[in-house]
Every structure is written in structure tokens, then in C-alpha cells.
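Since the structure comes first, as C-alpha cells, the remarks are kept for the end.
The values are calculated or read from the model by the stated rules, or taken from the named source; none is laboratory data. On a predicted model such as this, the values are computed, not experimentally measured, just so you know. Cβ placement follows ideal geometry from the backbone for every residue including glycine, while neighbour counts extend to all protein chains displayed. Only protein heavy atoms, including side chains, enter the accessible area calculation; ligands, DNA and RNA are left aside. Shrake-Rupley method; radii C 1.70, N 1.55, O 1.52, S 1.80 Å.
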Amino acid sequence: MNLTRLSQLLLAAILVASSAGAQEEARQAPFYIGGTGGAYFLAEPGELVIVVEKRDRNRSGRTADLRAILVGPDRRVIQDVTIPDDRRARGSGLGPVQTARLSTRVERKGVYGLNITVSNDRYGDEIAWGFQTNAPHYLIETARGHRDARREEPIVLLDPDQPRDVCFLPRSGPFGIEITGLPKGVEEAAVYDREGRQVALLAADSKGAASGSVPAKSGRDAVPWRLHLPRGQATVQIDGVTRWDDDDLYPNLPLWTPNAESWFPLAENRWLLAPYSRTAYGPPGSQAEIAFEVYNNADRKRTIRLELEFPGESWPASLGESKVALAGKRSAKVLVRYTVPASEARVHLRATPEGQRQFSTYSTLTVKPGRAPAEEPLAIPLVLKPYQHENEQFGYLPDFPRTTQVYFDLENRPFLNTEGGIATWRGGRWAETSLRDAVTSGDEGLARQPFSSASNKVAFDGDGGVYLLGRGARRAALLHSTDGGKTFAAWPIPPRQGRSQSFDLEQFSGHNGGDGPPPIVRFTQTAADPKLIWRRINDLELFVPEKQGGRIVIGEPILISRQSIGLSLHSGSPSTIVSRGTKVHVVWAEATDPADRAPGVPTYVVTYDRRTKTLGKPALVGHGPPANDVHNTPSITMDSRGYLHVLAGTHGQPFPYARSLQPNDSGGGWTEAAPTAGQPRQTYIGLVCGRDDALHLVSRVWRSGEEPFPASSCATLAQQRKAPDGDWQPPEALILPPLSEYSVFYHRLTIDRTGRLFLSYDTWSTYWFYRTDQRGDRRAMITSADGGKTWKLVSTSDLAGGARR
């Protein structure tokens with residue numbers, strides 16, 4: 001008996017053995033596909049059964065445990081199971097069939113999700129998997145881990161003994177189909193519309209490849225379309241389904257099914273409600289409201305009907321409106337108002353598009369009496385779980401703009417650069433100013449034009465001035481406010497030509513800063529290396545603005561280097577500049593000739609003297625491995641005595657650390673660069689200096705073979721501390737990610753004027769399936785008032801309460 005027949009009998013037996021509500025035959029024959037991702041099921045009340053099947057391909061010898069997570073419409077985790085590696089030797093071929101049964105009692109209609117990941121294999125190359133289900137409507141979303149390239153999600157079919165269909169929503173315009181890896185004997189593949197009309201015929205060549213295009217004039221009304229393969233072994237690319245152009249209607253939604261009858265309109269209803277769930281706390285009897293977002297992902301105006309459903313007895317919760325009319329790709333906020341009950345209660349917010357009764361789903365609001373755990377110190381590390389982040393675990397509901405990190409002026413008032421503007425605590429509330437309207441003066445050519453942020457950093461001067469870097473329609477500018485961020489004047493940065501430009505300005509990192517405008521650096525890319533994607537060559541220039549008669553004069557650029565590797569600020573947000581008095585210190589890393597086999601990016605510091613207007617000699621302070629990698633942006637800070645502290649950037653290796661031998665001077669010698677403690681595999685520096693001159697570092701650090709992923713590896717967000725004149729402590733994990741393999745945290749570490757640490761982060765998993773499911777980000781912020789010994793989630797009281805009176 002062959003394995004395909006064996007798997008059919010085994011899966012049928014599992015389904016029959018389940019309860020009466022799940023005894024229907026499977027809706028599709030067993031199938032195998034490659035890649036990771038998962039599936040979505042539009043489930044009706046009754047029992048939902050999904051049987052996941054896995055076979056190891058045993059191509060590399062890596063341990064490939066398949067993790068299957070079943071979640072409800074509100075992303076409540078229902079089951080989390082693992083199908084282990086078969087432990088067969090590398091090169092031994094397809095392993096035996098292994099299965100896992102997931103099931104739940106569906107109380108109310110909605111879209112359930114199945115998340116598939118594989119240990120040590122974020123692209124799903126080591127396994128063949130598939131599923132059977134009693135759900136009549138489902139779609140597969142092939143969604144691997146990210147690559148450092150334009151996204152593509154080829155559909156990999158691994159059923160050479162069976163005919164197979166790929167059913168999909170066709171692009172409205174012309175599109176191409178490419179098929180490779182067809183078995184011998186397959187001469188053609190055909191494309192049909194929903195009514196069975198043949199739209200295209202793709203002839204296979206002798207190498208098992210077939211391709212063709214479909215013109216725009218072909219009708220799109222009968223969907224889904226169906227690509228039929230006489231034998232189900234192939235790799236399939238379809239424009240608008242597995243790869244996308246910027247103007248595609250549903251970019252990055254690789255949805256398909258092997259069975260046309262299972263199709264349901266998920267793409268146009270993606271993210272219909274957000275968030276999927278909210279947990280709130282409060283004193284019993286108090287009144288509050290929670291905002292949900294209704295989103296229309298279709299390209300046409302639609303009306304979405306809304307209603308509340310109580311799983312048990314009703315309690316005081318109400319909806320402000322029963323329907324929302326939305327243009328295509330638009331959203332609206334709806335409020336659920338409630339009175340906090342005496343005991344935990346839930347209510348479901350249901351959304352149903354008018355004229356599309358087939359589709360309906362819901363979000364869940366859970367309200368609990370009492371004080372939220374988010375207000376208490378955290379147990380470190382904070383262990384994020386799949387679909388259970390800060391709100392689900394702790395009732396965290398940030399009451400401040402959380403789009404980026406926070407900075408504090410000289411009076412310790414909080415400011416956040418919201419990318420479109422600036423937010424601060426003013427008059428007992430958060431006040432946000434849009435840069436589109438706030439630039440009212442400055443250079444005559446820039447006043448009253450809309451600006452956007454060119455950096456998420458905020459700087460301050462001794463006169464209470466607030467500074468941002470902005471981009472207008474014509475050029476970059478330093479934006480200056482003298483009224484606490486209500487209005488800004490724009491002062492242009494001298495332009496220059498270049499492929500791309502990035503900017504940084506000095507921000508407070510513990511003991512630095514001057515009375516005047518912040519110094520600025522500009523990186524202008526002049527070359528790139530097609531053989532080494534992370535090798536960039538940039539001109540690095542310094543600007544030292546001055547106040548002159550009510551104006552700010554940016555000054556001419558001062559060339560620092562023509563070999564800078566560039567700037568990477570998305571995570572860590574490292575400091576490239578610190579200053580004190582007349583001295584301005586700049587740190588950077590350089591590209592080298594690959595033939596030189598440098599031990600890392602050479603990292604330099606140079607000092608500019610404002611008074612004499614002279615640039616000193618660059619000092620080489622260390623090398624950050626590997627060479628020619630733009631990830632390796634270094635960071636500089638300064639202690640209370642003026643000594644400079646530098647970490648050279650690395651990509652997966654310990655940061656080399658060096659300190660200046662003379663205060664406020666990069667030319668007086670440096671300690672020999674030495675790695676931080678514990679030999680961590682670290683990247684992305686966030687570095688500040690405390691009031692006691694202790695150094696605080698937060699970076700991404702890899703760990704392998706440890707909980708919660710003992711069979712794999714994961715990236716953590718970790719802290720390190722160096723006492724004054726002491727050694728670096730080994731990394732201590734602060735945040736553990738919800739899934740294994742690659743993660744990045746987009747973290748930014750800042751410090752207020754009293755020495756409190758603030759860490760903003762947004763956990764980003766490599767897996768597209770997990771990330772795409774969440775509309776928007778999950779950015780959170782934690783703070784420590786004791787040098788990193790304890791941490792808590794941030795609220796407005798933490799930000800506004802520290803202002804000096």
C-alpha cells in the first residue's frame with residue numbers, strides 16, 4: 001500500500017473517530033505543499049476539525065518540528081501542537097506520514113486561523129504538509145519567513161501522483177503565470193474561470209517549465225479561476241497572487257485553495273475588524289469605552305453591519321452605531337461603551353458586509369474588574385506568546401501616542417515624534433501637532449509647505465527650543481519650535497545630489513548636548529556593491545547649525561568621510577553624535593575593499609571644534625564584524641566627566657567597546673576595543689549613559705536550544721549594563737518573541753533627565769502569516785527607574801509625571 005493511500009485511510013479514520021458533528025467526509029483529498037504559512041476557515045456553528053499532515057523531506061539534516069496553532073476569530077489560541085521531526089538521516093528522502101488533529105466547538109460564525117511554522121526552516125523547504133477539514137470554506141495563505149529581497153511566495157506542490165488545482169483570485173489587469181518543476185510526461189497546464197471556460201493553455205517544455213499570460217480583456221466576474229495540473233508536482237508563480245506590483249488590489253495576500261468549492265471572499269474582508277480582541281480592566285461600576293477599527297479592504301464602497309453578541313447573560317455594553325459606510329481601502333473607528341461589571345465579562349463585536357451574508361466574523365472585548373497587571377512591575381523576561389502580547393496578557397492599553405520612542409526636554413517634559421508630527425503633554429492632555437500645518441516661518445522658500453519627518457529623533461536646546469529633521473517637497477530641513485512644538489520654522493539643509501540620503505541629529509543620551517541647535521550628519525550614498533548587498537559607500541558630512549539674529553544658519557557641510565558604510569537606525573536608534581561645550585564628536589563605520597579581508601567595519605571617531613572651526617584627526621577605535629555590512633552602525637555616548645564611550649556595530653557578533661582616554665576629546669587615545677561580556681550574537685545598538693555613569697545597552701541577541709524554543713533558535717531583546725569603571729555584564733533577556741527563528745524588535749532606548757530608562761519596541765516576526773494578520777503595529781513601551789533592575793509597561797503617568805515643576 002503506497003503512502004498516499006495510507007494517509008487517506010489514516011486521516012479518514014481520524015475524522016470518523018471524532019464527534020458526530022465532525023463525521024462528514026473530508027472536503028478535499030489529502031494534498032502536500034511546501035513552504036510555511038497556514039490557512040483560514042470560515043466556520044459555521046458546530047465542530048470544526050482540521051487534521052494536519054506532515055512528511056519530512058530530510059534534505060539538510062536540520063531538526064524540522066512543525067508547529068500548528070489553531071486560533072479563533074478573535075485570535076484566542078485554541079490548540080498549539082507540534083509534529084516532531086522524524087529523526088531520519090539527511091538525504092533519506094520523504095519520511096513517514098505524521099498527523100495532528102485540531103478541533104474546537106464553534107459557537108458562532110467567524111474566520112478561524114491555522115498558523116504553520118517549522119523549526120530551523122522559516123522557508124518551509126524541509127517539509128511537505130497539508131490538511132483535511134470538515135469546514136466547507138477555507139483558503140491557504142502561503143507565507144514564509146522574510147527574505148532580503150522583493151517578496152515572492154511561490155506555491156510549491158508536492159503531489160506528483162495526483163492531479164491538482166490551484167484556485168485563485170485573478171488580477172484585474174494582464175498577468176503572467178510561470179510553472180517550473182513539472183514531472184516528465186506533463187505536456188500542458190490549463191487555466192479556467194469559475195464557469196469552467198478555458199482562459200489559457202500553457203505548453204510545457206522539455207525542462208518541465210510552462211508559462212503564459214492572460215490579457216486584461218478576459219472577464220473576471222466568474223471567480224475563483226483555476227489552474228489545472230495533470231500531476232501535482234510543480235512550483236507556481238502567478239502575478240497578483242504570489243508576487244505583486246505596487247498597484248495590485250491585494251498585495252502581499254497570497255491566498256489560494258486546491259478546491260474551488262472552498263473559496264470565500266477573504267481578501268476584500270481582510271482586517272474587517274481590528275483589533276481581534278481587547279482586554280480591559282477598571283473599578284467595578286466605572287464607565288469606559290474601547291475603540292475598534294472597521295476596515296474595507298475592497299476597491300468599492302461598502303456598508304458594514306455591526307452588532308454586539310453576548311456569550312452568556314448580557315451586561316451593560318453598547319455600540320454607538322449599527323452600521324458603517326466606507327469607501328474602498330478606508331477605515332472608521334467605532335466605540336463600544338461599557339460599565340465595568342463585578343466579575344469578568346465578554347462581548348463579541350460582529351461585522352457583516354451588506355449584501356455578502358456568506359461572510360461574517362467578530363472581535364471580542366473582555367472586561368475585568370480591578371487593577372490591570374500592566375500597572376505592576378513585569379516578570380523579566382517578558383515572554384510574548386503567539387497572539388498574546390501585552391494587552392492579552394496584562395491588559396495593557398497605552399494612553400499616549402506610541403508610534404515611536406520618547407525624548408525629554410530640559411524640564412523633563414515628554415515629546416514623541418509621530419512621523420507626521422510632534423506630540424507632547426500640554427495642559428493636562430496629549431497635544432499633537434501635524435507637520436503638514438505647523439511650519440509657518442523660516443526660510444521663505446520652505447514656509448507653509450507640508451513636511452514629514454526625516455528622523456524619529458527629537459532634540460532640544462538650552463532656550464527650550466524643540467528640533468526635528470523634516471523633509472519637504474523640495475529639500476530636507478531642520479525644524480525648530482520656540483513654543484513647545486505648536487509651530488515650527490524650517491531652516492533648509494544645503495542640498496546635494498546622491499542616490500539616497502539619510503540624516504541623524506544629536507539627541508540626549510545621558511550627559512551630552514549644548515545650548516544651541518543640534519549638530520546634524522548627512523549620509524549620501526555614492527555607490528553600492530551588487531555582489532555584497534550590505535556593502536554601501538557614502539559620503540558622510542557634518543553640519544553645525546548656529547543661531548544668528550533670530551535665524552538658524554545651518555552652515556556648509558564638513559566632509560568627514562567618503563567611505564562611510566551608511567546608517568541603520570530602524571532598530572536601536574544608535575547615536576552618531578555627542579557634544580559638550582565647543583566640541584562635537586562623530587562616530588561612523590566605513591566600507592573596505594572586500595579583497596582586504598578586514599576583521600570588520602573599521603569604526604572611527606572624530607572631533608570638530610565649534611570655536612576654532614577645525615576638524616581633528618579621525619581615531620580608529622575598533623572593528624565591528626563582519627566587514628562591509630551596513631547593519632553595523634556604531635553608537636557613541638558621553639559620561640558626566642566627559643569621557644566618550646563607543647560600541648562598534650556588529651551583525652550577530654559581540655559589540656567591541658572602547659573608551660576615550662581623555663574627556664571630551666577623541667584625539668587623546670582610546671582603550672583597546674574589547675567585546676561585551678558573554679560572547680553574545682548581537683545586533684542593533686541602543687546605548688545611553690545613566691546619571692551614575694553606568695552604561696546601559698539594549699540589543700537584539702540570538703539564543704539557541706533554550707526555552708521556549710529548545711529545538712530551534714530565536715532572537716531576543718536583551719539588556720546589558722556596565723558599571724562606571726567596571727566590566728560589562730552578560731546579556732539578560734528582556735523580551736522573548738512569540739515564534740522561533742528570526743525576529744527584530746525595532747527597539748529604541750532613551751533616557752530622561754532624571755536617569756529613567758525608556759524602551760520602545762515593536763516585535764516583528766519573520767513569518768509573513770503572523771505579521772500580515774495584524775493590521776498596524778504592536779509597539780509598546782517599558783520603563784525602568786532603577787537602572788534596568790525592574791521594568792514596567794509605560795502609561796501617561798510615567799511620561800508626564802516626571803516633568804519638573
Original post:
For the chain, what is the accessible area per residue in Å², given a 1.4 Å probe and the full set of protein chains?
Top reply: 39
Subject >> Size-normalised alpha-carbon gyration radius of the range 569-643, reference 2.2 N^0.38 Å >> reply: 1.22
**OP:** With a 1.4 Å probe and every protein chain kept in, tell me what percent of the accessible surface of the range 570-718 is carbon plus sulfur.
**Re:** 49
Original post:
How much of the calculated P(r) for the range 508-615 lies past 15 Å, in percent of all Cα pairs?
Top reply: 67
Subject >> Sequence-distant lysines (8 or more away, or on other chains) whose Cα lies within less than 19 Å of Lys329 >> reply: Lys301
Original post:
Mind checking the angle between helix 3-17 and the chain's longest principal axis? C-alpha axes, 0 to 90 degrees, to the nearest 10.
Top reply: 90
**OP:** Give the long-range amide H neighbours of Arg270: residues separated by 5 or more places, or on another chain, with amide H under 5 Å away, using H modelled in the peptide plane at 1.01 Å from N.
**Re:** Asn297
**OP:** Treating cross-link reach as a plain straight distance, find the aspartates and glutamates whose alpha-carbon is under 15 Å from the alpha-carbon of Lys789, omitting any fewer than eight places away in the same chain.
**Re:** Glu376, Asp692, Glu732
Original post:
Per Stokes-Einstein, at 37 °C and 0.692 mPa s, what whole-number D in µm² s⁻¹ belongs to the range 46-129, with the Kirkwood radius over Cα pairs as the hydrodynamic radius?
Top reply: 241
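Taking all protein chains in place and a 1.4 Å probe, what share, in percent, of the accessible surface of the range 295-394 do carbon and sulfur account for?
45
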Subject >> From phi via Karplus (6.51, -1.76, 1.60), per-residue ³J(HN,Hα) for the range 243-254 in Hz, x at Gly/Pro >> reply: 8, 9, 9, 4, 9, 5, 5, 10, x, 6, 10, x
Original post:
Taking the range 352-406, which GluC sites (Glu not before Pro) meet the DSSP loop condition and have no more than 14 other C-beta atoms within 10 Å?
Top reply: Glu354
**OP:** Just report the Cα centroid separation between the range 351-418 and the range 148-167, whole Å.
**Re:** 37
**OP:** Considering the convex hull of the alpha carbon atoms of the range 292-395, report its projected area averaged over all viewing directions, in nm², one decimal.
**Re:** 8.5
**OP:** Using every pair of alpha-carbon atoms in the range 247-313, split the distances into 10 Å bins beginning at 0 and state the percent of pairs per bin, rounded to integers.
**Re:** 14, 35, 29, 16, 7, 1
**OP:** Name the residues whose placed amide hydrogens come within less than 5 Å of the amide hydrogen of Phe175, ignoring near sequence neighbours (fewer than 5 apart) on the same chain.
**Re:** Val214
Subject >> Amide H contacts under 5 Å for Arg536, placed H, 5+ residues apart >> reply: Val630
Original post:
What size of dipole, in debye to the nearest 20, comes out for the range 568-692 about its Cα centre when the only charges are +1 on Lys and Arg C-beta atoms and -1 on Asp and Glu C-beta atoms?
Top reply: 460
Subject >> Carbon and sulfur %, accessible surface of the range 23-146 computed with the full protein complex present, 1.4 Å >> reply: 41
Subject >> Low-density loop positions, GluC sites (Glu not before Pro), the range 273-334 - DSSP coil, at most 15 other Cβ in 10 Å >> reply: Glu313, Glu321
Subject >> Computed [θ] at 222 nm, deg cm²/dmol, the chain (DSSP H ≥ 4; -39,500 (n - 2.57); rounded to nearest 500) >> reply: -1000 deg cm²/dmol
Subject >> DSSP-assigned coil residues among trypsin sites (Lys or Arg not before Pro) in the range 89-129, each with at most 16 further Cβ atoms within 10 Å >> reply: Arg90, Arg108
**OP:** Give me the lysines in straight-line cross-link reach of Lys613: C-alpha distance below 30 Å, same-chain residues under 8 apart excluded.
**Re:** Lys457, Lys547, Lys583
Original post:
Taking the alpha-carbon set of the range 338-458, what are its Rg and Dmax in Å?
Top reply: 20.8, 61
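Kindly identify the range 695-762 as rounded, prolate or oblate by the Cα gyration tensor criterion: order the square roots of the eigenvalues as a ≥ b ≥ c, call it rounded if a/c is under 1.5, otherwise compare a/b with b/c, prolate if a/b is larger, else oblate.
Numbers: a/c = 3.48, a/b = 1.66, b/c = 2.10.
It is oblate, given that a/c is not under 1.5 and a/b is not larger than b/c.
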Subject >> Cα centroid separation, the range 169-220 to the range 678-734 (Å) >> reply: 51
Original post:
Can you give the Rg to Rh ratio for the range 735-805, taking only C-alpha atoms and Rh from Kirkwood?
Top reply: 1.07
**OP:** Could you go through the range 737-743 in sequence order and give the Karplus-derived ³J(HN,Hα) for each residue, using 6.51 cos²θ - 1.76 cosθ + 1.60 with θ = phi - 60°, rounded to whole Hz, and x for Gly and Pro?
**Re:** x, x, 10, 6, 6, 5, 9
Original post:
Kirkwood hydrodynamic radius for the chain: how many Å is it when counted over pairs of different Cα atoms?
Top reply: 28.9
